[in-house]
Amino acid sequence: MLSDLLSTHKKTFSDYTELRAQVNTSRHVSFLAGNMVGNGQSSESGVSARVYKGGTYGFASGAEYTSDSVKSILSAAAENAAFMDKHVNKKLPPLPGAKGGNFQPKIKPENDLPQSVLIDYAKTLDNIVIEKYKNLTSRTIAINCLDIEKLLSVSDGADSHSYQPRSMIYVFMTAETDDGIPVELFKPFTRLGHFNDHFSDPASLTEELDKLHEMLMHKREGVFSSAGMRKCVMHPDLAGMLAHEAVGHTVEADLVLGGSVAGHNLGKQVASELVTMVDFAHTALGKPCPLPVYVDDEGTIAEDAVLIENGILKSFMHSKESAQHFGVKPQGNARAFKFSDEPLIRMRNTAILPGKSKLEDMIASIDDGYYLVKTGNGQADTTGEFMFSVDLGYEIKNGKLGKPIRETTISGVAFEMLKTVDMISDDMHWDASGFCGKKQLMTVGMGGPAIRCDVNIGGR
C-alpha cells in the first residue's frame, strides 16, 4: 500500500492544487502454439502535482516518492503555473468549489502473486485448448494483470486512496477455410479483482471456449455479405463499441471545444427516442460497474453522466475546467493513467440502456438482413463518422439465422444511425477487456443491449 506522504503538504497549498502518488503494476504471460513467448512484470510509480492559476495549469512529476521529492514537485508545479499565468494571461476566476470527503480503497492489495501461478494457468489452459479442439492451426493464450493504486490530496474536493486490480485472459483460436484462408476469433475473460479470486481453475472456462470454437467453425464456412444499407441486429459488443467510439468521444467536453459534432446538437434529437446512453461512475442498474470510479483525479466525487436521454443529447462529460466554461457541475470524468500523466476528460463505464425487446424477436422481425456478433476494432472521429470491423456475423433470412458471413466492416455517422434504432433488447452486457487510447491509455468499460437499426455494411 502507498504510504501517505501527501496530506502533510496540504497546508502549503496556496492556489488550487492536485497532488497524486501512484503505482501501476503489470504482469503478463503469453503462449503461442504451446511455446511461451512472453513473460514479464513491471512497476511504474511516482508523484505528480498540478496547480491552477488564472486559467492555466502548471504540472510537474517525478519518479521518487519521498517527502522531499513531493515538496520539490509541488514547488515546480507552482512555478510552472505562475509562468503560464504570466505569459498566457487568461485572467479567469478560480475553479468552482467542490464537495469534500475522503474515500478509501474498497479492494485491498494482495500479497505478491508468484509469476509461476500465471505461467502454470496459461500452460494448463493451452493444453486444454489443443487437446479439445484438434482442427486448430494455431492458438494463443495471453494473461494480463494490471493493478493501479492512487493516493490523491486536493486543495478543493475529495481526497482519496483507490486501488483497482484488473485481471484478463485472452484466448485466440485460428483455423483455415477449405481454400486455405486463415480465420481467427478471440475471447476475452476480464474480471475486476485479483487473478486468484476469479481464475483458479482453467477448466471452468471450457463452456465459453466451446462456444468460441463453434463460432470459429461457423466462420470457416462464411460467405461474403452484400454491400449496402441493411437492417441489422447489432450484438451488445458492437453496441458497446458504438457507445464508446462513435458517440462517447464526441461528447467529451474538450473535444466539443475542439469542434466535435456534438457541440451544436446539445438539447437536440440525435437518436431514436428508444435510446438512452449513460456514462456510469461505479454502479449501473443496481450492480457494480466493470471499472468503478468513486473519485476522479481532480478530486471530484463521481456521479453518473446522462449523455443521451430518450434520443435527446442532454450533456457532455467534463473536467472541473470545462464544467466552469459551460456553467455546469463536473461529475468525475477527469482521469490520468500514469503518475506522470495529467488528468484528461475520459469515459468510465459508457453504455446504452436496455430496452423491452427480446433478442429472438428482433431477429425474427427481419426478412433480409444481418446479425452482427463480434467486432475486432473500431475507429471514429469527432464528426461522429465511424468504421468498425465485423469479425463474425450471420445472415438473417425470413426471420431466421442463416449462413455465417466473412469478415467485413460497417460504417456510418453515429447520430444518424442511432436515429434508425427501432428495437432494443432487454438484457445488458459489459466489456472491459481493452484500453481507450485518447492521448494516453485508460481503462474503460463499455456495454449495452442488442440494438436493431439500419447499418451500412461492406461486401466482397
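A short reminder: the numbers here are calculations on the coordinates, not readings from a lab. As the structure is a computational prediction, the values presented were derived from the model and not from experiment. Glycine gets a Cβ as well: all are built from the backbone with ideal geometry, and neighbour counts include every protein chain shown.
Brief remarks follow.
- Farthest toward positive dipole pole in the range 186-315 [+1 Lys/Arg, -1 Asp/Glu at C-beta], among SER226, GLY299, GLY267: SER226
- Straight Cα distances below 12 angstrom link LYS397 to the aspartates and glutamates ASP367, ASP368, with same-chain residues fewer than 8 positions distant left out.
- Between 0 and 90°, nearest 10: helix 206-220 axis offset from the chain longest Cα axis: 60
- Helical mean residue ellipticity (222 nm; -39500 (n - 2.57) per DSSP H run of 4+; nearest 500) of the chain: -5500 deg cm²/dmol
- Of the trypsin sites (Lys or Arg not before Pro) found in the range 73-169, those that fall in a DSSP loop while having at most 16 other beta-carbon atoms within 10 Å are LYS90, LYS91, LYS99, LYS106, LYS134.
- Total formal charge among the other residues, if their Cβ is under 14 angstrom from that of ALA122, Lys/Arg +1 and Asp/Glu -1: 0
- Placing a label point 7 Å from the Cα of ASP68 along the Cα-to-Cβ direction, none of the residues of the range 1-28 has a backbone N under 12 Å of that point.
- Centre separation in Å (Cα based) which lies between the range 421-460 and the range 1-54: 29
- On the principal axes of its alpha carbon atoms, the range 143-266 extends 65, 47, 22 Å, with the longest extent given first.
- Separation of the THR383 and PHE326 label points, Cα + 7 Å toward Cβ, nm: 2.3
- Selection of GluC sites (Glu not before Pro), the range 107-151, meeting DSSP coil and at most 15 other Cβ within 10 Å: GLU110
- Here LYS268 is the anchor, and the aspartates and glutamates within straight C-alpha reach of less than 12 Å, apart from those fewer than 8 places off in the same chain, are GLU309.
- Set of lysines near LYS10 by C-alpha distance (under 18 Å), chain-local residues within fewer than 8 positions excluded: LYS53, LYS71, LYS99, LYS150
- Square roots of 5 times each gyration tensor eigenvalue, C-alpha, the range 1-160, largest first, Å: 45, 17, 14
- Directionally averaged projected area (the chain, Cα convex hull): 22.4 nm².
- With Cα atoms as the point set, the range 241-345 shows a radius of gyration and Dmax of 13.5, 42 Å.
- Given R0 = 51 Å, the distance between the Cβ atoms of THR124 and SER75 translates into a calculated FRET efficiency of 0.45.
- The simple spin-label model puts a point 7 Å past each Cα toward its Cβ; for SER45 and GLU208 those points are separated by 3.1 nm.
- Magnitude of the charge dipole, the chain, Cβ model with Lys/Arg +1 and Asp/Glu -1, debye to 20: 640
- The range 79-184 - charge dipole about Cα centre, Lys and Arg +1 at Cβ, Asp and Glu -1, debye rounded to 20: 560
- In this rough spin-label picture, where each label sits 7 Å from Cα along the Cβ direction, the GLN115-HIS264 distance is 5.5 nm.
- Looking at the chain, the DSSP beta bridges with both ends there are about 90 percent antiparallel.
- Cβ-derived FRET efficiency at R0 22 Å, ALA364 paired with THR174, nearest 0.05: 0.10
- Applying the criteria of a DSSP loop state and at most 15 other Cβ atoms within 10 Å to the chymotrypsin sites (Phe, Trp or Tyr not before Pro) of the range 189-283 yields PHE224.
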